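K.L.:
I'd like to ask some things about the structure below.
Each value in this text was obtained by applying a stated rule to the coordinates, not by laboratory testing. Since we're looking at a predicted model, the values are computed, not measured. Cβ coordinates were reconstructed from backbone atoms using ideal geometry, including for glycine residues, and neighbour counts include every protein chain displayed.
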Amino acid sequence: MAAGGGGDGALPDLSRYVVSRPVYNEPTFQEENERKLVVPKTLRERVQKTCSCSRRKAIQVTKTLFPILEWLPKYRVKEWLISDIISGVSTGLVATLQGLAYALLVAVPVGYGLYSAFFPILTYFFLGTSRHISVGPFPVVSLMVGSVVLSMAPDEKFHMVSSNMTGLNQTVIDIASRDAERVIIASTITFLVGILQLVFGFLQIGFIVRYLADPLVGGFTTAAAFQVFVSQLKIVLNVPTQNYNGVLSIIYTLIDIFKNIGQTNIADLIAGLLTIVICMVVKEINDRFRHKIPVPIPIEVIVTIVAAGISYGVDLEKKYNAGIVKSIPSGFLPPEPPAVSMFGDMIASAFSIAIVAYAIAVSVGKVYATKYDYAIDGNQEFIAFGISNIFSGAFSCFVATTALSRTAVQESTGGKTQIAGIISAGIVLIAIVALGKLLEPLQKSVLAAVVIANLKGMFMQIFDVPRLWRQSKADAMIWVFTCIASIILGLDLGLLAGLVFALLTVVLRVQFPSWGSLGSIPGTDLYKNIKEYKNVVEPEGVKILKFSSPIFYANIDGLRSSIKSTVGFDAMRVYNKRLKALRKIQKLIKKGKLKATKNGIISDSGRTNEAFEFDEDPEDPEDLDVPTREVEIQVDWNAELPVKVNVPKVSLHSLIFDFGAVSFMDVVAVRVMKTIVKEFERIDVRVYIASHLAHYQNTGPLCIFDDSIQKDMFFLTVHDAVLHIQNQSMQRDIQDPIFEKISLMQESKEPIEFTETNQNEELDVQEEVCFTLVQSIRIPHAPPPAFIKW
């Protein structure tokens with residue numbers, strides 16, 4: 001309740017609060033607060049609910065599978081249509097040029113890039129849940145597809161011998177056969193990626209993308225940008241290189257480029273450099289003045305048209321041997337089935353491509369969904385892209401996702417829905433049908449330069465590393481490791497290595513979690529780490545340990561280590577040392593070297609107290625088999641002992657575990673916790689568990705309760721446990737003071753007798769000595785306990 005009253009119109013003081021309630025342990029809380037009875041549904045009930053059908057459910061399922069039925073009826077024609085048309089035209093022009101450029105990454109004729117910029121949009125328009133992403137090729141995914149294409153259809157596979165006019169045989173590449181084979185491979189892997197994505201969607205495992213953390217994706221895409229840059233650099237320079245794939249392929253490609261740098265085509269180099277500079281400068285102007293420019297300048301389109309005109313007018317191919325597009329097919333090719341026989345060779349690569357393509361699309365889609373306040377359905381996105389890739393794979397396309405730059409153009413030019421996307425597809429359609437021939441004189445170096453200019457955003461992610469290092473060194477290491485691994489090992493293996501490394505950091509952080517010893521802030525119920533705050537006070541005789549991790553088999557040693565560091569001793573060692581001291585005392589009493597009297601244990605008169613033996617003396621193994629005697633004694637283990645046994649001092653009487661951050665415990669942890677409790681109970685240290693989660697108390701294999709761990713050890717908060725301990729200490733001091741024990745000893749006139757025990761139960765020696773010697777056993781009508789005075 002808030003401190004201060006609200007009478008006389010005065011507002012209550014909400015900056016402070018005072019709470020008055022009982023001290024709750026688990027049993028008392030359950031008595032006052034009845035838990036809800038949750039009856040889990042049976043498998044039959046769940047299946048019946050899932051398979052049941054109604055008109056309302058049918059409509060809901062239909063709208064889920066076809067999101068267009070949800071947003072199209074609400075389309076605001078007067079407000080949105082003009083914006084969508086402008087956005088669609090602008091995005092279509094950019095998509096046309098990017099489709100041509102990204103085809104170079106896939107190592108297929110550039111005309112197939114136009115197909116890849118057209119077909120996926122048609123299906124996503126009906127099935128996709130994002131209203132702003134522009135569906136089509138993306139450089140990272142295109143390069144991953146290209147690596148599969150080059151590995152399965154290298155140039156060496158299509159060598160043929162031809163004779164020239166001089167009669168000499170030459171080895172040349174059958175370009176037509178090579179390109180046809182590469183198109184089949186690209187379309188087949190696109191089909192397979194679509195099947196995998198569709199399966200993932202129907203299995204409702206869209207959550208899989210959560211394992212691709214932002215640092216991992218950032219490092220991977222930066223490495224991919226570097227790979228793309230190197231692959232396009234050789235086209236800008238127009239130098240011959242071999243096609244490498246796999247580990248260190250980027251290094252070998254760079255070596256080839258620098259070996260043949262002397263064969264650089266100057267016309268292609270100048271065109272490429274001018275394109276890169278102009279595109280980057282104009283893009284920077286678009287970014288800086290985006291609030292003043294109604295429509296971004298489509299610089300890629302302008303540069304491409306100008307470059308194609310110059311190449312055609314000057315005839316760069318014949319005069320300067322420039323590499324040009326040469327042929328762009330007009331119209332569409334008939335659909336073809338995939339080469340199913342290739343599925344086995346590309347399934348691993350298809351899996352990684354499917355995940356990466358989906359992750360990029362969903363990441364970009366969620367950015368704009370958050371900005372415009374609507375939801376993205378991850379599982380439906382899997383279905384949408386799966387069907388899109390299956391459909392486009394039949395028309396000789398390569399894998400589609402979304403491009404960051406193209407989506408930014410669609411959104412910044414006023415795109416409101418996927419109407420803009422379908423209009424952009426119409427622009428690409430015009431290029432396919434009518435404008436393809438006009439782009440045939442275009443230099444490939446210009447297209448490669450367009451790709452490089454669009455990599456700026458991905459390269460800028462490098463500046464995220466210092467920020468990540470300041471925030472989380474583990475995340476920064478994930479970024480750097482994934483980036484380096486993807487550059488050296490290739491994108492497929494690099495992504496896998498980065499994912500394993502990221503999971504390993506999680507395992508290590510859980511295996512070596514943070515922990516701390518807590519103390520109370522005076523006058524409050526707050527408990528903070530004693531190493532982090534100056535004014536915290538540890539309750540007298542109480543240690544509080546906070547363990548910030550799930551407890552399971554891998555970190556159980558860390559829990560034991562943290563307990564030892566917190567309390568300052570090893571409970572098992574203390575227990576063994578006490579047993580050793582008690583055995584020596586019992587042995588010497590039996591030999592007559594020590595006597596138990598009303599004044600305590602004393603040695604024979606005139607004889608040196610031989611009880612003071614060195615701790616290093618070897619212990620007689622036969623002593624363990626000597627029948628023990630029940631001696632009702634109380635030992636002050638923190639005082640000086642009559643035997644030279646180095647028994648560690650124990651200054652605490654209670655240990656509290658703060659398990660508020662422990663989300664689960666496995667069977668190993670439960671068993672070890674029971675052992676830990678028993679170890680401390682044997683040396684008279686009570687153990688309490690606070691801020692625990694409810695499922696610790698479940699019945700079954702993970703039930704933590706037994707004879708040693710009772711429900712009254714569990715408290716709702718640390719403060720409840722501390723107050724309970726302090727209350728128990730006060731009651732013990734009032735009811736059973738030490739002076740009462742001394743007076744009882746002095747009233748006794750009879751000598752202490754030792755009674756033999758019958759060891760009927762099969763206990764080990766340590767447990768036997770513990771229960772017969774350490775505990776002060778009060779038996780009705782028995783003589784009062786001998787108080788041993790050292």
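K.L.:
Can you list residues from other chains, or at least 5 along the same chain, whose modelled amide H is less than 5 Å from the amide H of F714?
P.N.:
Sorted by chain and number, the residues that satisfy this are E26, I689.
K.L.:
Among the listed pairs K366/K416; K644/K678; K543/K644; K318/K444; K564/K649; K319/K444, give every one whose C-alpha distance is greater than 20 Å.
P.N.:
Beyond 20 Å between Cα atoms: K644/K678; K543/K644.
K.L.:
How charged is the neighbourhood of P550? Take every other residue with its Cβ under 15 Å from the Cβ of P550, and add Lys/Arg as +1 and Asp/Glu as -1.
P.N.:
Result for the neighbourhood of P550: -1.
K.L.:
What does the net charge come to around V228 if you take all other residues with beta carbon closer than 14 Å to its beta carbon, with K and R at +1 and D and E at -1? Spell out each step's value before the answer.
P.N.:
Working: positive: K234, K456; negative: none.
Neighbour charge sum, excluding V228 itself: +2.
K.L.:
For the pair I266/N727, report the inter-label distance in nm, with labels modelled 7 Å from Cα in the Cβ direction.
P.N.:
9.5 nm
K.L.:
With each pseudo-label sitting 7 Å past Cα toward Cβ, what's the L43-F463 distance in nm, one decimal?
P.N.:
5.7 nm
K.L.:
With θ set to phi - 60°, apply the Karplus curve 6.51 cos²θ - 1.76 cosθ + 1.60 along the range 563-575 and write out the HN-Hα couplings as whole Hz, x wherever there is a Gly or Pro.
P.N.:
So the J values, rounded to whole Hz, are 5, 4, 5, 6, 7, x, 7, 9, 4, 5, 5, 4, 4.
K.L.:
On to the next question. So if R0 is 30 Å, what FRET efficiency would K63 and S472 give, r being the distance between their Cβ atoms, rounded to the nearest 0.05?
P.N.:
With R0 = 30 Å, the Cβ-Cβ based efficiency is 0.15.
K.L.:
Can you give the FRET efficiency for S52 and F202, using 1/(1 + (r/R0)^6), R0 = 22 Å, r = Cβ-Cβ distance, to the nearest 0.05?
P.N.:
Step by step, r from the Cβ atoms, then E = 0.70.
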